[in-house]
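The values are calculated or read from the model by the stated rules, or taken from the named source; none is laboratory data. Model, not experiment: these values are computed from the prediction. Note: ideal-geometry Cβ built from the backbone for every residue, glycine included; neighbour counts use all protein chains shown. When the accessible area is computed, the model is the full protein with side chains, heavy atoms only, and any ligands, DNA or RNA have been set aside. Shrake-Rupley method; radii C 1.70, N 1.55, O 1.52, S 1.80 Å.
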Amino acid sequence: GEPQMAIVKLAPGEDLEFKITLSLLPPIELPDYRAIARRVLATKRAPETTAPEVTDAIQWLRESRAKLITVNRPAKLGDRVEVDFRAQIGGVALESGQSKNHPFILGRGRFIPGFEAALIGMKAGEEKSFTLAVPPGWRDKAIAGKAIEFQAKTNLVQERDVPAWDDAFAKSLGNFSSVAEVETNVQGSLRAEKEAKERERIRMAMVEAIAEGASAKIPPALASRELEKMLGELRTSTAAMGLTWADYLSGIKRGEDDLRREWRADAERRVKTALTLREIARREHIQPTEEDVTSAVNRIAAHRGMTEENLESLDRKAFVGYHVGVARNEKVFQWLENLETRK
């Protein structure tokens, strides 16, 4: 963090006296991290891709390229509809319980059970009122187990023309000549995705187990800084969902101070994990190259859709400094992963 400076003595003809307070990284004692990492690596699973998973992925590909044809008939299973609806309980409108031109694909089951079924048979322009019983175990505890009255109006009914699974469709996807080539590609992509998830699981299991056995006194300043970082991450994800920060806090009935109190232990764990990775890097003389850091910067910039102008508006020294840590951590993870090939 930033050093804190205070003037102790300031008088004509006298020496200036001042005090600077620095927050120093605490010492950390690590367990036998090599042995812990090897135990975790022994749990690594070889991912398998099943035929139903490939079939589902191909079906998603087909449906993502379905043509939408507006029809003047009652909606049926599989149709795409756009609906205005309002929801209330006992005559009292639900907060966030209304929407305009809300899209549904009938039969997907992405809403309260029974809602999509109630829309089947409605034509564009028709209105309908109905009541649904929300299951007791519904994810939104505020409405779980309650009866909700809906008023719905169907604005649009569209038939979905899903393309046939044939070589012509395969060629439309890109550099493929047959459905067999697409199936092979899909299978490889699914396997790569599972391998990435398993690698992430192993990495997190290793560092969490090592950090749990480590001993360090976490300075309040470090935990506080991590808390602010966590809040910043949540603000970013909230904005990406199209919500204002104030509306989000109102929706979860929490204030920033509430979140800070609730997340304090998590922030301390995150700090301890970061210190653990840093200490392993120090002991094993692991340092990123300039190329590693540049790669980390470019990867994050691309992920966030940042332009050169965005980068120029940042505190570049701090931005690059942060990614030195990101690149170093990546190399530590790679070093831990390779322990299974070393004695």
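Annotations
- Degrees between helix 220-240 axis and first principal axis of the chain (Cα, 0 to 90, nearest 10): 20
- Mean Cα-pair separation over length for the chain, i.e. relative contact order, pairs under 8 Å, 6 or more apart, %: 19
- 0 to 90° range, to nearest 10: angle between helix 51-64 axis and the chain longest Cα axis: 70
- Under a Gaussian network description of the chain, with springs only between Cα atoms under 10 Å, the residue in 254, 34, 269 that fluctuates furthest is 254.
- From phi via Karplus (6.51, -1.76, 1.60), per-residue ³J(HN,Hα) for the range 278-292 in Hz, x at Gly/Pro: 5, 5, 4, 4, 5, 5, 9, 6, 9, 9, x, 7, 4, 5, 4
- Shown in residue order for the range 153-163 are the 3J(HN,Hα) couplings computed by the Karplus curve 6.51 cos²θ - 1.76 cosθ + 1.60 at θ = phi - 60°: 10, 7, 9, 8, 10, 10, 7, 9, 9, 7, x Hz (x for Gly and Pro).
- Dipole magnitude of the range 37-141 about its Cα centre (Cβ charges: Lys, Arg +1; Asp, Glu -1), debye to nearest 20: 480
- When 141, 44 are compared by accessible area of protein heavy atoms, the largest-first order is 141, 44, using a 1.4 Å probe.
- For the range 25-148: rounded, prolate or oblate by the Cα gyration tensor [a/c cutoff 1.5]: oblate
- Carbon and sulfur %, accessible surface of the chain computed with the full protein complex present, 1.4 Å: 52
- Under-24-angstrom lysine pairs by C-alpha in the range 180-327, whenever the two are 8 or more apart or on separate chains: 6
- For residue 114, the amide hydrogen comes within under 5 Å of no other amide hydrogen, counting only partners 5 or more places away or on other chains and with H modelled in the peptide plane.
- GluC sites (Glu not before Pro) restricted to the range 19-77 and DSSP loop, no more than 14 other C-beta within 10 Å: 48
- Average Cα contact separation per residue, the range 129-211, under 8 Å, 6 or more apart, as relative contact order %: 15
- Take the range 228-306 with all the other protein chains still there, run a 1.4 Å probe, and you get 65 Å² of accessible area per residue.
- Accessible surface, 1.4 Å probe, highest first, among residues 161, 32, 15: 15, 32, 161
- Put a dot 7 Å past the Cα of residue 233, heading toward its Cβ, do the same for residue 173, and the two dots end up 3.4 nm apart.
- Cα gyration tensor shape for the range 113-256, rounded if a/c is under 1.5, else prolate or oblate: oblate
- Of the chymotrypsin sites (Phe, Trp or Tyr not before Pro) found in the range 53-124, those that fall in a DSSP loop while having at most 15 other beta-carbon atoms within 10 Å are 111.
- Net charge dipole, the range 175-276: roughly 380 debye, given to the nearest 20, about the Cα centre with Cβ charges of +1 for Lys and Arg and -1 for Asp and Glu.
- Taking amide H positions as modeled 1.01 Å from N, with prolines and chain starts lacking one, the residues under 5 Å from residue 94 and 5 or more places away or on another chain are 87, 88, 89.
- Solvent-accessible surface (1.4 Å probe) assigned to residue 33 amounts to roughly 20 Å².
- Surface per residue (accessible, 1.4 Å probe) for the range 49-187, Å²: 58
- Cβ-based charge dipole, the chain, positive-most Cα from 220, 118, 173: 118
- For Cα Rg over 2.2 N^0.38 Å, the value calculated from this model appears in [x] 1.65; [y] 0.96; [z] 1.38 under label [z].
- Accessible surface comparison of 77, 61, probe 1.4 Å, protein chains only, largest first: the order is 77, 61.
- Reachable lysines, given that their alpha-carbon falls under 25 Å from the alpha-carbon of residue 128 and they are not under 8 places away in the same chain: 76, 100, 146, 153
- For residue 124, the residues whose modelled amide H falls within less than 5 Å of its own, excluding neighbours fewer than 5 places apart on the same chain, are 73, 157.
- Estimated vicinal HN-Hα couplings, Hz - the range 186-193 in sequence order (Karplus 6.51, -1.76, 1.60; Gly, Pro = x): 4, 4, x, 5, 5, 5, 4, 5
- Label zone at residue 319, where the point sits 7 Å out along the Cα-to-Cβ direction: the range 229-272 residues whose backbone N lies under 20 Å: 229-230, 232-237, 240
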